[in-house]
1. Mind checking which residues of region 46-72 are assigned to a loop (DSSP other than H, G, I, E, B) and touching a residue at least 12 places away in the same chain (Cβ under 8 Å)?
2. Output the number of residues of region 68-108 satisfying the condition of being β-branched (Val, Ile, Thr) and under 10 Å from the mean Cα position of the chain (by Cα).
3. When region 78-93 is examined, which residues are found to be part of a loop (DSSP other than H, G, I, E, B) and within 16 Å of Gln55 (Cα to Cα)?
4. Does region 73-84 contain any residue that is in contact with a Lys or Arg (Cβ under 6 Å, 6 or more places away or on another chain) and either closer than 21 Å to Cys101 by Cα or without any contact (Cβ under 8 Å) to a residue 12 or more places away in the chain (or both)?
5. Within region 41-67, track down each residue that is more than 20 Å from the chain's Cα centre (by Cα) and more than 21 Å from Trp112 (Cα to Cα).
6. In region 29-48, how many residues are of a type outside the set (Asp, Glu), out of contact with any strand residue (DSSP E or B) (no Cβ under 6 Å at 6 or more places or on another chain) and at pLDDT 80 or above?
Amino acid sequence: MYNAKIILPVLLVFLGLLTYPLWSQKASAPPVLATPLKGEHCIESKDWMRANHMQLLEQWRHSVVRDQNRDHVATDGQHYNKSLSNTCLDCHQKEQFCDSCHTYASVHPYCWECHFDPKEVNHVH
């Protein structure tokens, strides 16, 4: 009753057209991040921070706001202040570091709804 010789090729062409945007895009190279302004290393390893920085920042937020705990002890035993504006941005520049990766990944974090980059604020006296 059905003609498989016609339906199968039409179905394959339809699936090809439907999935074309997914497999036709060329991957672009990830951004080259600016090196930190100071300090020899981050609070954790580069690979760990690349994979887990958002979870770390969310844990910091919870810990500071709910428990008033501002002390972070890194895996190497060093103590850091839990602060995006003062700890992270003390070494990294928002535009050359955070924004370049977030733009590449099409991620729009909500950090900057409450926080600000101290270097971007123009103080009026």
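The values are calculated or read from the model by the stated rules, or taken from the named source; none is laboratory data. Fair warning: this is a prediction, and the values are worked out from it, not measured in the lab. Using ideal geometry, Cβ is built from the backbone for each residue, glycine included, and neighbour counts are taken over all protein chains shown.
1. Residues satisfying the conditions are Asn69, Arg70.
2. The number of residues fulfilling the criteria is 2.
3. Once the filter is applied, which keeps residues that are part of a loop (DSSP other than H, G, I, E, B) and within 16 Å of Gln55 (Cα to Cα), region 78-93 yields Lys82, Ser83.
4. Within region 73-84, one or more residues are in contact with a Lys or Arg (Cβ under 6 Å, 6 or more places away or on another chain) and either closer than 21 Å to Cys101 by Cα or without any contact (Cβ under 8 Å) to a residue 12 or more places away in the chain (or both).
5. Asp67
6. Restricting attention to region 29-48, the residues satisfying the condition of being of a type outside the set (Asp, Glu) are 29-39, 41-43, 45-46, 48.
Still in the list and also out of contact with any strand residue (DSSP E or B) (no Cβ under 6 Å at 6 or more places or on another chain): 29-39, 41-42, 45-46, 48.
Among the residues that remain, those that are also at pLDDT 80 or above are: 29-33, 41-42, 45-46, 48.
Number of matching residues: 10.
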